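Engineer: Sharing a structure, written as structure tokens. Questions coming.
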Amino acid sequence: MSHNTFGHLFRVTTWGESHGPALGCVVDGCPPGVRLTAEDLQHWLDRRRPGTSRFVTQRQEPDAVKILSGVFEDEQTAEKFGGPVTTGTPISLLIENVDQRSKDYSEIRDAYRPGHADFTYDAKYGVRDYRGGGRSSARETAARVAAGGVARKVLAHLYGEAVTIRAALIQIGPDAIDRSAWDWDETERNDFWCPDADAAARWEIDLDAARKAGSSRGAVVEVIASGLPAGLGAPVYGKLDADIAAALMSINAVKGVEIGAGFSAAMLSGELNADEMTAGADGKPVFHSNNAGGILGGISTGQDIIARFAVKPTSSILKPRKTITSDGRDTEVSTKGRHDPCVGIRAAPVAEAMLACVLADHALRHRGQVG
């Protein structure tokens, strides 16, 4: 299996399967001298961790990350940097799996789950790990979140602590939030990373019903990066928004991505869509709107970078669905085990991580080209 690496200067390679002994990643290209501890990464992994509410899979994984390489500390570095720092060599991160229940999947060993990657993996490789989907499982995203923690440290190292990357769930099924009620603090108070308390209350009722019915729901996630300079990205084939779209599209179950106004821009007139500018006190532009999502011509404007993506309903459900077996027989399948009734909930921390990785990569590429 190829294509397990993304990024150019800040490169991340993930490895591992849902029911293997462990998973992890190797982060290459991180500059030396960046303060980094396992605790820095654990904070972000705890946000993605399963079993934290009744609305996510009840698989009990501590997701404890170990740094195996690329970080060093002695008396001299402690005095100079204040703690462990990156050395500029590859950073290897390990997360052990401790709560696999492979027997839950024995009945689907020879049957393809509709909507899942079972058929396509078998068609491509001639063999598949049916235990939780193997490499196609959302369990793989734990490694991405760990890598995203490193990327955040790189961005803070380059641009200061003012850089923030935050994601929120803005829709479950057909039920969207009231954007006028947006409150970032509220995302930390409910189980959905939802910025609208009323919407979160409605979603509790809907997801309880979906879970009891053996079904699932799709979702829309919005992710926003603030505090970044203008100039990140490159024209034509190195566009920042193209790389963001590819990174978000690579997240399990994502079926659509938009930047800024996205598809809604098609309904605007030219004068409404174009983000007007006036000169600020410092001579820099002040934008009066942000339909471009902080990116023009593939290059950041210095505004908030805004992206959204749609997550399909979880394919592993209890309701029987028609399918075929690996030897071509018609059958029905229902998936036992522990699954998210809405995988979009835990996609919010993953979205933050993927955006952080892309921005760290482009920040290093920008520095490499223009200094």
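Engineer: If I compute solvent accessible area with a 1.4 Å probe over the protein chains, what percent of it on the range 154-258 is carbon and sulfur? If you can, show how the numbers build up before the last one.
Structural biologist: Details: 2450 of 4710 Å².
Its accessible area is 52 percent carbon and sulfur atoms.
Engineer: Using modelled backbone amide H atoms (1.01 Å from N, in-plane), which distant-in-sequence or interchain residues come within less than 5 Å of Asp129's amide H?
Structural biologist: HN-HN under 5 Å from Asp129: Arg135.
Engineer: Still on this structure, I have one more. Checking the a/c ratio against 1.5 first, then a/b against b/c, what shape does the Cα gyration tensor give for the range 227-371? Numbers along the way, then the final one.
Structural biologist: Values: a/c = 2.95, a/b = 2.21, b/c = 1.34.
Prolate shape, in that a/c is at least 1.5 and a/b is the bigger ratio.
Engineer: When a/c reaches 1.5 or more, the comparison of a/b and b/c decides; with that in mind, is the range 8-50 rounded, prolate or oblate per its Cα gyration tensor?
Structural biologist: Cα axes put the range 8-50 in the oblate bin.
Engineer: So, one more: With Cβ to Cβ distances under 13 Å as the rule, what net charge do the other residues near Gly83 carry (K, R +1; D, E -1)?
Structural biologist: -3
Engineer: Hey, another quick one. What is the range 112-254's relative contact order, in percent, from Cα pairs under 8 angstrom and six or more apart in sequence? Present the calculation step by step, with values, prior to reporting the outcome.
Structural biologist: Working: 118 pairs, mean separation 32.3, N = 143.
Answer for the range 112-254 is 23 percent.
Engineer: Relative contact order (percent) for the chain, with alpha-carbon contacts under 8 angstrom and 6 or more residues of separation?
Structural biologist: It comes to 22 percent, rounded to a whole number.
Engineer: As a quick test, which of the pairs Lys66/Lys239; Lys124/Lys239; Lys212/Lys319; Lys124/Lys319 have an alpha carbon distance above 22 angstrom in this structure?
Structural biologist: Lys66/Lys239; Lys124/Lys239; Lys124/Lys319
Engineer: Now for a different question. Treating each Cα of the chain as an identical point scatterer and ignoring solvent, apply the Debye formula and state log10 I(q)/I(0) at q = 0.08, 0.10 Å⁻¹.
Structural biologist: Each listed q corresponds, in turn, to -0.43, -0.67.
Engineer: Tell me the Kirkwood hydrodynamic radius of the range 281-332 in angstroms, computed as one over the mean inverse distance between distinct C-alpha pairs.
Structural biologist: So the Kirkwood estimate lands at 16.1 Å.
Engineer: While we're looking at this one, here's another question. Where in the chain are the DSSP H helices whose alpha-carbon span along the long axis reaches 24 Å or more and whose Kyte-Doolittle mean is at least -0.5?
Structural biologist: Passing helices, by number: 141-159, 344-370.
Engineer: Which length gain, in nm to one decimal place, applies between Ser2 and Gln369 when the Cα-Cα distance is subtracted from 0.36 nm times their residue separation?
Structural biologist: My answer for the length gained is 129.2 nm.
Engineer: Quote the charge dipole size of the chain about the Cα centre in Debye, to the nearest 20; the model charges only the Cβ of Lys and Arg (+1) and of Asp and Glu (-1).
Structural biologist: 1180 debye
Engineer: Determine the per residue accessible area of the range 289-353 with all protein chains present and a 1.4 angstrom probe, expressed in square angstrom.
Structural biologist: 40 Å²
The values are calculated or read from the model by the stated rules, or taken from the named source; none is laboratory data. None of these values were measured; they are calculated from a predicted model. Quick reminder, even Gly has a Cβ in these numbers, built from the backbone with ideal geometry, and neighbours come from all protein chains shown. Please note that ligands, DNA and RNA were not included when accessible areas were found on the heavy atoms of the full protein model with its side chains. Shrake-Rupley method; radii C 1.70, N 1.55, O 1.52, S 1.80 Å.
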